[in-house]
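In what follows, a structure is listed as structure tokens, so that the remarks can point back to it.
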Amino acid sequence: MQARLVIAPPARLSCGQLLTAKAALVPDDPPHPYSDLPASAYWRSGVAAQLPGPLTGLWEPAFPIAPGDGVATFGSCFAQHFGRALRARGYRWVNFEPPPRKVPPALSLQYGYRQFSARTGNIYTPTLFLQWLRWAFDQAQMPPEGWPDGARLRDPFRPRLEPDGFTDSAEMHHMRRVTLRALRNAVRKARVLVFTLGLTERWVDADTGLEYPLCPGTAGGRFDPARHAFAPLNYPQALAAMADAMALMRTENPDLRFLLTVSPVPLAATASGAHVLCATSGSKAILRAVAGALAETRPDTDYFPSYEIISSPVHGGRFFGPDMRQVTQEGVDLVMDSFFGTMATRFPDNAPAPPAPSKPLARDVGCEEELYAAFGPRA
Amino acid sequence: MIRLCILGNSHAGALKQASAEFCAAHPEAVLTFFAAVAFDSRAMAVQDGQYAPLNDALAAQYEMTSGGLRAIDPAQYDAFLVYGFGGRSLPQDRPRAYSQAFRAACTLARLQEDLIGPHLQALRGLTDKPLFAALKPLPCPQDGRRPRRLLPHHEEVALAQRHICDPLGAQMVAQPAATRIDERATHPDFASGSARLVQVAHPDAPAHADDEAKHMNAEYGRLWLDAFWPHLRPG
């Protein structure tokens, strides 16, 4: 087909550009799939022509979120921004495990409150989310394991949530039951559940298969090489776990819809043996593919491209801090502005009242996985 | 003679109501009240060796409750009691939903945001005389339900002692056991006919409504003062 071009394009043009050029130069050619696409479908008009400004048209919402719709949020640390932004912009972020009233926000955050719709702590992987859901809905028994920390006890499944750990096993299990009840409520009563996929690398108990959010020994517990296994998820495993989690939630709440995102925050450290940059690429690629596959195949599921907004090379890394890992407040604001702006444009009748004036700081979120970085060499 | 200065809020009304009877029973006692509603006493500062209100409205409340004095002159007293600040609980407090450590942290945060610390600190800056502090009374049950509380009373008192009073050489005073149902509630008999602060100057003014659960009456004040007074006469 290229031989029919009237004017030969420069050799460095890509295949897509060739087709675009051909469409422009040979207007009387019969139509083909690339001849009549919207501007957003072409890199030149969808990206290059919009730079350096923010890109528009990245997302077409699959369903509306009305201000009165309860929205639950779970996932990696980046998901915390969603909850806060929903609250700040007049949407109904549901929190079934709130702190007491008249308590300083910093103290609540220190103890893991107001981060997610239940106090699960960060849930980085689809398998860990599924594990929490199975406990919540009595499909699996809550394990008795606790990690001694001096005279106190840490919960292996959210070791950083209580700064000083729990008084004893009874309190640890009671507080886990409180969280599981909140998780059940969130699933059953929310209209939309936002889940941010964060990691594929994970650590499990080789005997029981139980997954830890953080490698034992890094934030409590003691690493036992005979027992604790590195078990990174591949694409089929991640997809299956996420699909199982969604199926379980839909069983409990048939009207529940899902909004999936992928955290743009790179890995703090990798145990894979690969360079952390390559491990990050591999992990995010899997998670992005999982989110995309689910959004394409499930009518109850949407994917919001916060990952692309922050991480795309077109932005030259400007939404990352000096370490090129922390997302800046500008980046968080851009993601949230994009989300809520698109939602308001697409569904104007559902737009809430104007947002509250204050916005949280990007650093003001709890991100346990950062702990891994503390074990690396100092720069 | 023991001259006690009581710096308080509306809860001091119970002590004031009981003070005449108490002083008759304890001729050595001289009680002077500086009471102002709610958090009005936050507008105070150390000025010219006195702890003084920063606005006329607060000064007027002190004139009314002290019998004509507008500021606290430490030289005029032998001991000081900061009464009725801190110890706040909210109906939404659900102790079973939180760990012991978080409940303690929340309680301490609330105590530190209250006026016990600032008042004790100001007074300690002026005098080495004994300083005491007491939380507001535990609320009474309402509609048959006992109030929720993040920490039992004795733990809250211990927390305030350790984090607020100890650094200032002050002493917390617990609510008398005789007034409490348990660690969370005051017996409802003590809220019946409780005094409002305005009654200090106008005894004929109406008392709190019958369902009052937070402010206590003269009998409570008498029991409280009886339990407290030995602190001023050790041995």
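Can you give the net charge of the other residues whose Cβ lies under 11 Å from the Cβ of B:Pro53, counting K and R as +1 and D and E as -1? If you can, show how the numbers build up before the last one.
On the way: positive: B:Arg42, B:Arg70; negative: B:Asp40, B:Asp56, B:Glu63.
Spelling it out: positives minus negatives among the neighbours equals -1.
Any idea what Rg and Dmax come out to for segment B:61-120 if you just take the C-alpha atoms, in Å?
Over segment B:61-120's Cα set, Rg and Dmax evaluate to 16.8, 48 Å.
With all pairs of different alpha carbon atoms counted, what Kirkwood hydrodynamic radius in Å does chain B show?
Values: mean 1/r = 0.0558 Å⁻¹.
Answer for chain B: a Kirkwood hydrodynamic radius of 17.9 Å.
Using a Gaussian network for chain A with springs between C-alpha atoms less than 10 Å apart, which of these wobbles most: A:His81, A:His174, A:His228?
Maximum fluctuation in the GNM of chain A, among the listed residues, is at A:His174.
Give me the three principal axis extents of the protein assembly as shown from the C-alpha atoms, as integers in angstrom, largest value leading.
If we take the Cα atoms of the protein assembly as shown, the spans are 115, 56, 51 Å.
Please list, in order along segment B:66-71, the HN-Hα scalar couplings obtained from phi with the Karplus expression 6.51 cos²θ - 1.76 cosθ + 1.60 (θ = phi - 60°), rounded to whole Hz, x for Gly and Pro.
Along segment B:66-71, the couplings run 9, x, x, 8, 9, 8 Hz.
What part of the accessible area of segment B:1-148, given as a whole %, is carbon or sulfur when the probe is 1.4 angstrom?
Values: 2910 of 6000 Å².
The value for segment B:1-148 is 49 percent carbon and sulfur by accessible area.
If you take each beta carbon of peptide B:93-105 and count the beta carbons of other chains within 10 angstrom, what is the mean? Kindly include the intermediate steps, with their values, before the conclusion.
Working: counts 4, 3, 1, 3, 11, 9, 12, 6, 9, 14, 1, 0, 8.
Mean partner shielding for this stretch: 6.
Note the count of lysine pairs whose C-alpha atoms are less than 27 angstrom apart in the protein assembly as shown, limited to pairs 8 or more residues apart or on different chains.
9
Counting DSSP beta bridges with both partners in the protein assembly as shown, what percentage is antiparallel, nearest 5?
35
Counting only DSSP beta bridges with both residues in segment B:78-197, what percent are antiparallel, rounded to the nearest 5?
Details: 2 of 8 bridges.
If I count the DSSP bridges inside segment B:78-197, around 25 percent turn out antiparallel.
Residues with amide H under 5 Å of B:Leu81's amide H, sequence separation 5 or more or different chain, H placed in the peptide plane at 1.01 Å from N; which?
Placed amide hydrogens put B:Cys5, B:Ile6, B:Leu7, B:Phe132 under 5 Å from B:Leu81.
Please compute the net charge surrounding A:Val103, taking Lys and Arg as +1 and Asp and Glu as -1 over other residues with Cβ under 12 Å from its Cβ.
+4
What number comes out for the charge environment of B:Ala218, summing +1 per Lys or Arg and -1 per Asp or Glu over other residues with Cβ under 14 Å away? Show your work: numbers first, answer last.
Values: positive: B:Lys16, B:Arg196, B:Arg222; negative: B:Glu21, B:Asp189, B:Glu212, B:Glu219, B:Asp226.
Around B:Ala218, the surrounding residues sum to -2.
Report, as an integer, the average count of C-beta atoms from other chains found within 10 Å of each Cβ along A:208-220.
Neighbouring Cβ atoms belonging to other protein chains average 0 per residue here.
Along the charge dipole of segment B:1-135, pointing to its positive end and built from +1/-1 on Cβ of Lys, Arg, Asp and Glu, which listed residue (B:Leu120, B:Met44, B:Leu31) has its Cα farthest out?
The residue sitting farthest along the positive end of the dipole is B:Leu120.
Per-residue HN-Hα couplings for segment B:53-60, Karplus 6.51 cos²θ - 1.76 cosθ + 1.60 at θ = phi - 60°, whole Hz, x for Gly and Pro?
x, 9, 9, 5, 5, 5, 4, 5
For B:Thr186, enumerate residues with amide H under 5 Å from its amide H, sequence gap 5+ or separate chain, H modeled in the peptide plane.
Sorted by chain and number, the residues that satisfy this are B:Cys140, B:Ile181.
Take the Cα of B:Cys23, step 7 Å along the line toward its Cβ, and report every residue of segment B:151-195 whose backbone nitrogen sits under 20 Å from that point.
Under 20 Å, as judged by backbone N against the label point of B:Cys23, lie B:195 of segment B:151-195.
What does the highest-first list of A:141-153, A:121-133, A:305-317, A:90-102 look like by mean Cβ count within 10 Å? Don't skip to the answer; put the middle values down first.
Details: A:141-153: 14.5, A:121-133: 26.1, A:305-317: 18.0, A:90-102: 19.5.
Going from most to least packed, we get A:121-133, A:90-102, A:305-317, A:141-153.
What's the magnitude of the charge dipole for segment A:250-346 around its Cα centre, counting Lys and Arg as +1 and Asp and Glu as -1 at the beta-carbon? Answer in Debye, nearest 20. Let's see the in-between values first.
Details: 8 positive and 10 negative charges, 46 e Å.
Around 220 debye, computed over segment A:250-346.
Can you work out ³J(HN,Hα) from phi for every residue in segment A:298-309, in order, using Karplus 6.51 cos²θ - 1.76 cosθ + 1.60 and θ = phi - 60°, giving whole Hz and x for Gly and Pro?
Rounded to whole hertz, the list is 10, x, 8, 10, 10, 10, 10, x, 4, 4, 5, 4.
I'd like the residues of segment A:92-122 whose 1.4 Å-probe accessible area shrinks by no less than 20 Å² going from the isolated chain to the full set of protein chains.
At a threshold of 20 Å² (probe 1.4 Å), the residues of segment A:92-122 that become less exposed are A:Pro98, A:Pro100, A:Arg101, A:Lys102, A:Val103, A:Pro104, A:Leu107, A:Tyr111, A:Tyr113.
With a cut-off of 16 Å, note down the residues of segment A:115-156 whose backbone N falls inside the zone around a label point 7 Å from the Cα of A:Ala170 toward its beta carbon.
Under 16 Å, as judged by backbone N against the label point of A:Ala170, lie A:152-153 of segment A:115-156.
Hey, can you grab everything whose amide H is under 5 Å from the amide H of A:Val194? Only 5+ residues off in sequence or another chain; H modelled, so Pro and N-termini drop out.
A:Ala72, A:Thr73, A:Phe74, A:Leu259
Counting Lys and Arg as +1 and Asp and Glu as -1, each charge on the Cβ, what is the dipole of segment B:14-144 about the Cα centre in debye, to the nearest 20? Don't skip to the answer; put the middle values down first.
Numbers: 11 positive and 13 negative charges, 126 e Å.
Roughly 600 debye, rounded to the nearest 20.
Could you state the angle between the C-alpha long axis of helix A:15-25 and the longest principal axis of the C-alpha atoms of chain A, as a value from 0 to 90 degrees rounded to the nearest 10?
40
Provide, for q = 0.15, 0.17, 0.26, 0.28 Å⁻¹, the log10 of I(q)/I(0) from a solvent-free Debye sum over equal Cα point scatterers in segment A:182-225.
-0.60, -0.70, -0.92, -0.98
Carbon and sulfur together cover what percent of the accessible area of chain A at a 1.4 Å probe radius? Please list the in-between numbers first.
Working: 9790 of 17230 Å².
Carbon and sulfur atoms account for 57 percent of the accessible area of chain A.
Identify which of A:Asp164, A:Asp255, A:Asp323 has the largest mean-square fluctuation in a Gaussian network model of chain A, with springs joining Cα atoms closer than 10 Å.
Sorting by GNM fluctuation, first place goes to A:Asp323.
The values are calculated or read from the model by the stated rules, or taken from the named source; none is laboratory data. Nothing here was measured: the structure is a model prediction, and the numbers come from that model. Note that each Cβ is placed from the backbone with ideal geometry, even for glycine, and that neighbours are counted across all protein chains shown. These accessible areas exclude ligands, DNA and RNA; they are computed on the full protein's heavy atoms, side chains included. Shrake-Rupley method; radii C 1.70, N 1.55, O 1.52, S 1.80 Å.
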